[in-house]
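Asks: The structure that follows is given in the form of structure tokens.
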Amino acid sequence: MKELLYPPVLHWEVTPECNHNCIHCYNYWRKEPEKKNESIKDHLAIAKKIVERHPVSVVVTGGEPLIVFEAIKASLRLLRDNGISISVNTNAALVTEEIAEFMAKLKISAFVSLPCCEPSICDGITNVTNSLPKISKGIKLLLDAGVRVSVNMVVSKRNIDYIYDTAKFAKEVLGLESFFASRVSKPINSDTEFCKELLSKEDVQKLQKDLIRIAKDFNMRVATAGPMPVCSLTEDETFQKFAFTRNCTAGKISYSIDYSGNIKACAREVQIYGNILTDNFSDVWSRMKYWRDETFLPAECKECNVKQSCKGGCRLDAFPHTGTRNALDPMADVSNIPIKFVKKMDSKQMKMEQTFIVPKTIQFIQEGFGWRVNVGSKFMYITDELKQHLSNCTEFCINEFMQKFDVDYQTTNDLINLLVDNRIIFMRKE
Ligand code: SF4
Ligand code: SF4
């Protein structure tokens, strides 16, 4: 397959500074404080380069992005004016009515770090007094303004027993509909003292089961922010829920830019491959080829029957311990391979006369091997013929599609299911 010209997902670290000092963050372990950049011009210069790279979505991250909110406002506007979806990773403690309204107006979503529903544990993680009421207030301001909010609980030994209660708090006190719980990782600059915070394999299985219970009890959408090695899923129920839902995207479909424009494969990576302000992007992207081939796949994964989909879990989780990117994900359990579970696909059998709507907001970008199509932050890759079809009609039915492309029902049904699942087209309700 040809190299991507326009990787669809970009993480932009707009500042290294944060108002919290979470123990699981690299900031906590930093020896020297880093300076924030409050220059509107500098941020705009990077934003203009980002626009030239045509990402589908930009995840604005930090540090705490809202620390430099005034400096990045114009950049966020520029990204939105160019049809780019934006999500902000934030602790929400600095949210004001003005910020919430700005985000709502630009349809920017928020991914909020919610450490724990128990105030003393929350403060112990953030190292800020009264952090939970401040986070909660920020979330409520965002929701009141109409911002789409999801929360993520980074789970360590400190809060592992509070996953269920924190989700309950998110649902019943904050009014949220989705909940993420993600295992803690060792910050790259932390010392061995941090290891006592890390979860065991059994802890991660508890996390998986807690999320399933939360989904059932509170009718919440649940997920983890990072990938789970498929061999860490030891029961069919957790396998069906989490297997192949997330894998490592670094250097494959995503990359990261820091506040100086330096390009990395992942926000957690230390190696810099170039700079978006000064370097030719194709050259930078090709320097990241090792993230796309099997160079960083752990030796233990090479014979695994699901390696193409699992991709070996997180490529950087073991890095702070081993100094190598091809070390086995600490949560992987290779005694469970070959994987014995099979993912059940719930492909719907559509009626021949079922009509599908192509939304007006559909966007296309030409790649070397076809087209990328996206609606909002959802995207997929399609052929020239399908691109022509989707750009020339506002709605169509299965029957018409089969005749136009001279394909059988099953092929059409599978393709339409993919387009619907990826939210590129929508079923018209009868
Ligand atoms: S052995 Fe490697 S590729 Fe296979 S499931 Fe485990 S982590 Fe994933
Ligand atoms: S290296 Fe780990 S943190 Fe980075 S994108 Fe891959 S899975 Fe995510």
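Asks: What relative contact order, as a whole-number percentage, does the stretch 355-427 give when Cα pairs under 8 Å and 6 or more residues apart are counted?
Replies: Contact order relative to length: 39 percent.
Asks: Would you work out the relative contact order for the chain, in percent, from Cα pairs under 8 angstrom that are 6 or more residues apart?
Replies: 14
Asks: Using θ = phi - 60° and the Karplus curve 6.51 cos²θ - 1.76 cosθ + 1.60, what whole-Hz ³J(HN,Hα) does each residue of the stretch 159-168 get, with Gly and Pro shown as x?
Replies: Listing the rounded values in order: 10, 4, 7, 10, 4, 4, 5, 5, 5, 4 Hz.
Asks: For the residue pair K137 and K105, what label-to-label distance in nm results when each label sits 7 Å from Cα along the Cα-to-beta-carbon direction?
Replies: Label at K137, label at K105, 2.3 nm between them.
Asks: If you take every DSSP beta bridge whose two residues both sit in the chain, what share of them, in percent to the nearest 5, is antiparallel? Let's see the in-between values first.
Replies: Numbers: 19 of 49 bridges.
Taking every DSSP beta bridge within the chain, about 40 percent pair in antiparallel fashion.
Asks: Could you tell me how far the Cα centroid of the stretch 3-24 sits from the Cα centroid of the stretch 264-327, in Å?
Replies: A separation of 16 Å, based on Cα centres.
Asks: Rounded to the nearest 0.05, what FRET efficiency is calculated for V420 and E97 with R0 set to 35 Å and r the Cβ-Cβ distance? Mind showing how you got there, number by number?
Replies: Working: r = 37 Å, r/R0 = 1.07.
The value I calculate is 0.40.
Asks: State the extension gain, in nm to one decimal, for the chain segment bounded by S39 and D161, taking 0.36 nm per residue of separation less the distance between their alpha-carbons.
Replies: Length difference between fully extended and current span is 39.7 nm.
Asks: Along the Cα-to-Cβ line of Y409, 7 Å from the Cα, sits a label point; which residues in the stretch 325-360 have backbone N less than 19 Å from it?
Replies: 346-356
Asks: Which of the trypsin sites (Lys or Arg not before Pro) across the stretch 88-148 are loop residues per DSSP, with 14 or fewer other Cβ within 10 Å?
Replies: In loop regions of the stretch 88-148 (DSSP not H, G, I, E or B), the sparsely surrounded trypsin sites (Lys or Arg not before Pro) are K107.
Asks: I've got another one for you. Counting helices only, and only those DSSP H runs with n ≥ 4, report the 222 nm mean residue ellipticity of the chain as the sum of -39,500 (n - 2.57) divided by its residues, in deg cm²/dmol to the nearest 500.
Replies: Estimated from H runs of four or more residues: -9500 deg cm²/dmol.
Asks: Additional query: Going through the stretch 344-430, which chymotrypsin sites (Phe, Trp or Tyr not before Pro) have at most 15 other Cβ atoms within 10 Å and a DSSP loop state? Please report the intermediate quantities before stating the final value.
Replies: Working: sites: F356, F364, F369, W371, F379, Y381, F396, F401, F405, Y409, F426; in loops: F369.
Those satisfying the criteria are F369.
Asks: Within 10 Å of each residue's Cβ, count the other Cβ atoms and sort E385, E269 from fewest upward.
Replies: E385, E269
Asks: Can you tell me the relative contact order of the stretch 111-269? Whole percent, Cα pairs under 8 Å, sequence separation 6 or more.
Replies: Relative contact order here is 17 percent.
Asks: FRET efficiency for E294 and I253, Cβ-Cβ distance as r, R0 = 22 Å, nearest 0.05? Could the numbers behind the result be given before it?
Replies: Values: r = 17 Å, r/R0 = 0.77.
The computed FRET efficiency comes out at 0.85.
Asks: Apply 1/(1 + (r/R0)^6) to the Cβ-Cβ distance of R221 and T278, taking R0 = 51 Å, and write down the FRET efficiency to the nearest 0.05.
Replies: The pair R221/T278 has a calculated efficiency of 0.80.
We did not get these values from a lab; they are worked out from the coordinates using the rules stated. Just so we're clear, the structure is a prediction, and the values are computed from it rather than from any experiment. No Cβ is skipped: glycine too gets one built from the backbone with ideal geometry, and neighbour counts run over all protein chains shown.
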